[in-house]
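Step one of this worksheet: look at the structure below.
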Amino acid sequence: MATKKVPGAPQSSPTTVPTKVSFLRAAYPSGGWLSLDFDVALGAGEEQQEAPAAANNARTQLREYLHSVLTTSNLIVLAGCGASLGKVGGPSMQDLWAEAAKLDGFADVASAVKQPTEDKWIERLLSRCQVAKELVDATTSAKVGAFLVASEKMIWKKCTEFLAGADLDAHKTFLRRMARRRLRVPRLKIFTTNYDLCFETAASALGITVIDGFSFTQPRRFDPRFFGYDVVRRAKGADEPHDFVEGVVQVLKLHGSVDWDCTSTGIEQRATPKSPCLIYPTSTKYEHSYEQPHLELMSQFQAALREPNTCLVTIGFGFNDNHLSAPIMAAVNSNPSFKLFVVDRSAQTKSAEANGVYSALRQKIEAGEADIALLNAEFAQFAEFVPELRALTPAEQIERSVKQIARQA
């Protein structure tokens, strides 16, 4: 489970504490958070006897709520940077800034683009560089341009190399449980803004088939028609129906991938691309998201949000990308059957701020205006709460219904 450092602890052996886990949804008339604090992650069917009764009750309510939303016909997931942090080992924006500061010419470029010394956010620095290189003199423009190229290579490298030692237990747990959806409903769609291959690598280790929009022949080329393909088991008899194969998910990478290469014949998958097809962290992300192949992926995302009986689960997504936040909020306001379940390690803090999307979501929860829930948890903690998505027996369905009615009484 990913952890947070305690200020003042020795760097050689840091003391860590788990993120506080709490849950907020519209069904709670008080509008307050239900505490799910615990010292260790719990398995899907476990209960911690020494935990307070209120915490156990909160866990039970969360799991039942999760079962209701995760069995929604059209289930989609949006995984952000938070899904690759912590034990996984992926770089944070702060890590990327630290690496950029080591590049040749960093100080000169930061001064040339007038980057405030207190502003250590790489997205704003690269955005300033993109604008400045068109406005400054030729010599300075060449330096800024070279720094941009070096920064992009550094980002690709940092988002690639960590995977060799990454802890993907949370990804495996998440995929193993989520991939067991009923076969007659649409496949799970995982949209992600991350460049890394965490979901693909975890799926491979589990034997889960990933449909990612690339051809099934070599070289693998991107073609959106493959998102309409599925995997079935051919029946032995001519008159027998074919069955859908278990364990198939779709992965759609909105900002590109470290193994996407822009070639003269299209986008190909290569371990070491010569021209990586990525939308780098700059203020032009909105514009680049409407260029191919990202336009096709954005279209898939927006279409999925408009489908009836849709549940969107966001994991580690900060709602800072307007080209993604805008269609999500549009679905919240216009799709009457839309459910939104937000998982973020800082959801409780963000929702208490005066402005921002999280604050707006909390206000809608407290007003009962939409089916929204917030879970203050890390990805690894959330993965442990995901129930096994198997079909319930009639007896289990009756028992679940009786419990829900009893709590509402």
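Nothing in this text is a laboratory measurement; each read-out follows from the coordinates by a stated rule. All values derive from a computational prediction rather than experimental measurement. A quick note on method: Cβ atoms are made from the backbone with ideal geometry, for glycine too, and the neighbour counts reach across all protein chains shown.
Please quote Rg/Rh for the stretch 274-329 to two decimal places, taking the Kirkwood radius as Rh and restricting both calculations to Cα atoms.
Details: Rg = 12.5 Å, Rh = 12.6 Å.
Value, to two decimals: 0.99.
For a quick check: with amide H placed at 1.01 Å from N, whose amide H comes under 5 Å from L252's, ignoring anything fewer than 5 positions away on the same chain?
Those qualifying (amide H under 5 Å, at least 5 residues apart or on another chain) are I190, F191, T192.
At q = 0.19 Å⁻¹, what is the log10 ratio I(q)/I(0) for the stretch 209-288, with the Debye formula run over Cα points and no solvent?
Reported log10 I(q)/I(0), two decimals: -0.89.
Pairs of alpha-carbon atoms within less than 8 angstrom and 6+ residues apart define the contacts here; what relative contact order does the stretch 93-163 have, in percent?
Numbers: 50 pairs, mean separation 25.7, N = 71.
Once normalised by length, the contact order is 36 percent.
Beyond 20 Å, what percent of the Cα pairs of the stretch 184-247 remain?
Working: 792 of 2016 pairs.
In whole percent, the long-distance tail amounts to 39.
Across the stretch 241-248, in residue order, what do the Karplus-derived ³J(HN,Hα) couplings come to in whole Hz, using 6.51 cos²θ - 1.76 cosθ + 1.60 with θ = phi - 60° and x for Gly and Pro?
Whole-Hz 3J(HN,Hα) from phi for the stretch 241-248: x, 7, 10, 5, 7, 6, x, 10.
Largest first and in whole Å, give the semi-axes of the stretch 253-352's equivalent ellipsoid, each being the square root of 5 times a Cα gyration tensor eigenvalue.
Those come to 28, 17, 12 Å.
Relative contact order for the stretch 118-219 using alpha-carbon pairs under 8 Å, separation at least 6, rounded to a whole percent?
On the way: 42 pairs, mean separation 21.0, N = 102.
Rounded, it is 21 percent for the stretch 118-219.
Between S111 and E287, how many nm apart are label points set 7 Å from Cα along the C-beta direction?
Simple spin-label model gives 2.9 nm for this pair.
With a/c under 1.5 counting as rounded, go ahead and sort the stretch 162-202 into rounded, prolate or oblate using the C-alpha gyration tensor (a ≥ b ≥ c being the square roots of the eigenvalues; past the cut-off, prolate if a/b is larger than b/c, else oblate). Intermediate values should be presented prior to the final figure.
Values: a/c = 3.76, a/b = 1.81, b/c = 2.07.
Oblate, since a/c reaches 1.5 and b/c is not below a/b.
Using the Karplus curve 6.51 cos²θ - 1.76 cosθ + 1.60 with θ = phi - 60°, what ³J(HN,Hα) values do you get for each residue of the stretch 72-77, in whole Hz, with x for Gly and Pro?
Listing the rounded values in order: 4, 3, 10, 9, 10, 10 Hz.
Hey, can you rank 305-311, 352-358, 373-379 by average C-beta count inside 10 Å, highest first? Please list the in-between numbers first.
Values: 305-311: 16.4, 352-358: 12.4, 373-379: 25.7.
Result, highest mean first: 373-379, 305-311, 352-358.
Starting from 0 in steps of 10 Å, tell me what percent of the Cα-Cα pairs of the stretch 143-266 lands in each bin.
11, 35, 32, 15, 5, 1, 0
Rounded to the nearest angstrom and ordered from largest down, what semi-axes does the equivalent ellipsoid of the stretch 93-163 get from its C-alpha gyration tensor (root of 5λ)?
Three semi-axes, in Å: 21, 13, 9.
Between S92 and L183, what is the label-point separation in nm under the 7 Å Cα-to-beta-carbon projection?
4.4 nm
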